[in-house]
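J.: Below you'll find the structure I mean.
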Amino acid sequence: MVPRRATIALDDLSQIPASTLILTVAGDRDSIQVRHWRDWAALRGVRFVDGFAPFFREPADITMRKYFIRGDTHFNAAGTYCTGNGILHDQYGRFHLDPWTDAEWTAFSDNFVRVIMRYWDSKFELTPNQPWYRPSGPQLAAEAAKITCSLSLGLVGTPKQANQRYFIIKPQETSFRSFAAPEQRLGLFTHRDLSLDWKTRQTRVGRVRHSVSFLQNTVLHEFGHTLGLQHVAGAGNSDANYGVTLEQREDLMGLGDHVTVREAQPWRSQLRHHLIPARGNRDDAALRFTARVVAPQLITYWDNDWVPPPAAAPPAAP
Ligand SMILES: [Zn+2]
């Protein structure tokens, strides 16, 4: 997606009479926002009210207790933003956010790690083309040890400790397009994204086109992006990037739920941190690993236009 600049202050302004300017965005005393809008107001001859000032009159802890809003929806994730009024804006439109109950949030957080781990952990195995591992030191023969591609995942309490930040929203509309922005280490998902969801598309099946329904869990697909994977048929969000053929479309990084060895790439590319070939050592230089999917996989697409193959001609009477 294309990151856009947020227009938080401007959006707040659209709701109030032009003769009064109220600043409600977070910031510091005489912050860039205060200075910008003070100048803006002076230039246009409108009254300026510094909405920050009251927050500095009392000690910080008292201010926090008095003014902190639980469930506040101020955030900006890669240009998709919310200004505290419960309406989310992105490049496709506006979405109305509902608050979470404590029970809902706890259930979602508990399931989040479990769902991702069950799918992505130990999904692949890397098989070497030659012995390479010497568990007992250089004096004994090397073993052709296989590598299991495992995943470790945990939720942390503060953004500072996190490698990735995911915002989870509860939009009333079902058309919000969740996304992960791996280069910014963040993602924006909805409360529905942990469940499987059907998408039906005209799809090439062999030489014909059929209406095929694909089952996908959005969080698992987006977590693939977080791992560094792109769509099955190239980076980008055009329809063709999600695949053209049935084999492509049923891929997790297409519209489906299925992985191939292509999705082992995040683990393969981490090998360089673990295996450091000795300079000029031909054996080391020749070491290659082949990926294999080792977890069982369900076939989760449904071909709506499937017809039984023509019955074989009955054997001719003697
Ligand atoms: Zn995607």
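J.: Go ahead and estimate [θ] at 222 nm for the chain from helices alone: -39,500 (n - 2.57) per DSSP H run with n ≥ 4, summed, over the residue count, rounded to 500.
T.: Values: 9 runs with 72 residues, N = 318.
It lands at -6000 deg cm²/dmol.
J.: Let me ask something additional. From the square roots a ≥ b ≥ c of the eigenvalues of the alpha-carbon gyration tensor of segment 171-318, which class results: rounded (a/c under 1.5), prolate (a/b over b/c), or oblate?
T.: Judged from the Cα gyration tensor, segment 171-318 comes out oblate (a/c at least 1.5, b/c at or above a/b).
J.: How would R262, R44 line up from fewest to most surrounding beta-carbon atoms within 10 angstrom?
T.: On the way: R262 13, R44 10.
Ordered by Cβ neighbours within 10 Å, fewest first: R44, R262.
J.: First check a/c for segment 72-185, with a ≥ b ≥ c the square roots of the eigenvalues of its C-alpha gyration tensor; if it is under 1.5, answer rounded, and if not, answer prolate when a/b is larger than b/c or oblate otherwise.
T.: The shape class here is prolate.
J.: Mind checking which helices in the chain clear 15 Å along their axis (Cα) and have mean Kyte-Doolittle hydropathy of 1.6 or more, DSSP H runs only? Don't skip to the answer; put the middle values down first.
T.: Numbers: long enough: 32-44 (18 Å, -0.72); 102-120 (28 Å, -0.19).
Counting only whole DSSP H runs, no helix qualifies.
J.: With all distinct Cα pairs included, what does the Kirkwood hydrodynamic radius of segment 214-274 come out to in Å, to one decimal, could you say?
T.: 11.7
J.: Taking other Cβ within 10 Å of each residue's Cβ, how do L194, L298, L275 sort, fewest first?
T.: Fewest to most other Cβ atoms nearby, the residues stand as L298, L275, L194.
J.: Going by average Cβ density within 10 Å per residue, which order do the peptides 263-272, 200-209, 304-313 take, highest to lowest?
T.: 263-272, 200-209, 304-313
J.: Please compute the Cα-Cα pair-distance distribution of the chain with 20 Å bins starting at 0, giving whole percents from short to long.
T.: Here the calculated profile for the chain is 23, 43, 26, 7, 1, 0.
J.: So, one more: What whole-number distance in Å separates the alpha-carbon centres of segment 86-107 and segment 187-211?
T.: Comparing the Cα centres of segment 86-107 and segment 187-211, I get a distance of 23 Å.
J.: Fewest Cβ neighbours within 10 Å first, please rank V219, V244 accordingly.
T.: Going from sparsest to densest Cβ surroundings: V244, V219.
J.: Now for a different question. Within segment 190-224, whose backbone N sits under 20 Å from a point 7 Å along Cα→Cβ of L155?
T.: From segment 190-224, the list is 190-196, 217-224.
J.: Once you order the gyration tensor axes a ≥ b ≥ c over the Cα atoms, which shape class does segment 111-237 get: rounded for a/c under 1.5, otherwise prolate or oblate by comparing a/b with b/c?
T.: In terms of gyration-tensor shape, oblate.
J.: Sticking with this one: I need the trypsin sites (Lys or Arg not before Pro) found in segment 123-192, filtered to DSSP loop residues with at most 10 other beta carbons within 10 Å of theirs.
T.: none
Any read-out appearing in this document is the output of simple, stated calculations on the displayed coordinates, not a laboratory observation. All values derive from a computational prediction rather than experimental measurement. FYI the Cβ positions are ideal-geometry reconstructions off the backbone, even for glycines, and counts take in every protein chain you see.
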